[in-house]
Amino acid sequence: MEYDVEIYSKSNCSFCDKAKLLFKSKNIVFKDYNTEEPNILSELLQRNPNARTMPQIFINSEHIGGYQDLVVWFESK
């Protein structure tokens, strides 16, 4: 199955790096958005006003959450 994956992340974020590595290990392509750019952060906050940690992951436009939520999501598949 193909997934439309979007990761909102920032530099020097170990959980962001772990999420990206997890997707790469499963050969899943993702779009990475750097929230250090104000317009990207604004876009994220419109999609998820409660976002306070990074990464914020969306799969097929569904908000998954952060890295730990992603691990749980994969375990349920």
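Taken together, the values in this text are just the output of simple stated rules run on the coordinates, not laboratory data. Nothing here was measured: the structure is a model prediction, and the numbers come from that model. Please note: Cβ atoms are built from the backbone with ideal geometry, for glycine as well, and neighbour counts cover all protein chains shown.
Values as computed for the structure displayed
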read-out: Estimated [θ] at 222 nm from DSSP helical runs (n ≥ 4, -39500 (n - 2.57)) normalised by residues in the chain, nearest 500; value: -12000 deg cm²/dmol
read-out: The chain: angle of helix 38-47 to the longest principal axis, Cα-based, in degrees nearest 10; value: 60 degrees
read-out: Cα-centred dipole magnitude for the chain, charges only on beta-carbon of K, R (+1) and D, E (-1), debye, nearest 20; value: 200 debye
read-out: Share, in percent, of DSSP beta bridges within the chain that are antiparallel, nearest 5; value: 60 percent
read-out: Over the chain, relative contact order from alpha-carbon pairs under 8 Å, at least 6 apart, %; value: 38 percent
